[in-house]
Amino acid sequence: MQGRLNEDDLELWRKVTERTERLDLKKLFTPEIDAPAPALTTLRKSKPVVMRKPEGKLRRLPHNLAPSLPDQISSAPVQMDQKAFGKLKRGKLKPEGRIDLHGMTLDHAHPILTKFILSAHARGKRLVLVITGKGKLRDDGGPIPVRHGVLRHQVPQWLAKPPLSSAVLQITQAHVSHGGGGAYYVYLRRHR
């Protein structure tokens, strides 16, 4: 509804404009607060983002950029006899001893594992089974990755470092009949 302003509206407008001051835009700019606009040469041209429709089912990729633990262990060179290693992978060799670390804390499990491996080596045993458990899936989807199975990841590192590295010849994931992803075969060196 556009129409002309009546006398009352015009009078009100005059009163408003009498009490206002004109803004000086040059005085409003303060260099300490307002930064100059960036030069056009410093702006980078970005490539357009192309969104593609996913084909098939989406897989949730792990946060960890390092190869998975089974991949690391399987890619390690075979130190023992190939024929015996084949039997070991198929679950045909029977472990001569076993230790269950499942449910232990790292502080509790490390000395127990060290004592077990060194005593088994001293007794001349060749193959032992170390049960770690698969670990709980605790990832809440946050930006920081949460390690799946702390003992499962830590045990191979302990076995690869002194004093256990002098007794251990080969580490490999156990066959399903002996625990699969929640256990390791530890093939010990000959006692000399």
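Some points to look at:
- Sites residue 27 and residue 5, calculated FRET efficiency, Cβ-Cβ separation with R0 35 Å, nearest 0.05: 0.60
- For the peptides 87-99, 124-136, 10-22, residues were scored by their other Cβ atoms within 10 Å and the scores averaged per peptide; the highest-first order is 124-136, 87-99, 10-22.
- Added length on full extension, which subtracts the Cα-Cα distance from 0.36 nm per residue, residue 18 to residue 100: 20.6 nm
- Rounded percent of accessible protein surface that carbon and sulfur make up, the stretch 86-187, 1.4 Å probe: 56
The values are calculated or read from the model by the stated rules, or taken from the named source; none is laboratory data. The structure presented is a predicted model; accordingly, all values stated were derived computationally and were not measured. So basically every Cβ, Gly included, is an ideal-geometry build from the backbone, and we count neighbours across all protein chains shown. Surface accessibility is based on the protein's heavy atoms, side chains included, excluding ligands, DNA and RNA. Shrake-Rupley method; radii C 1.70, N 1.55, O 1.52, S 1.80 Å.
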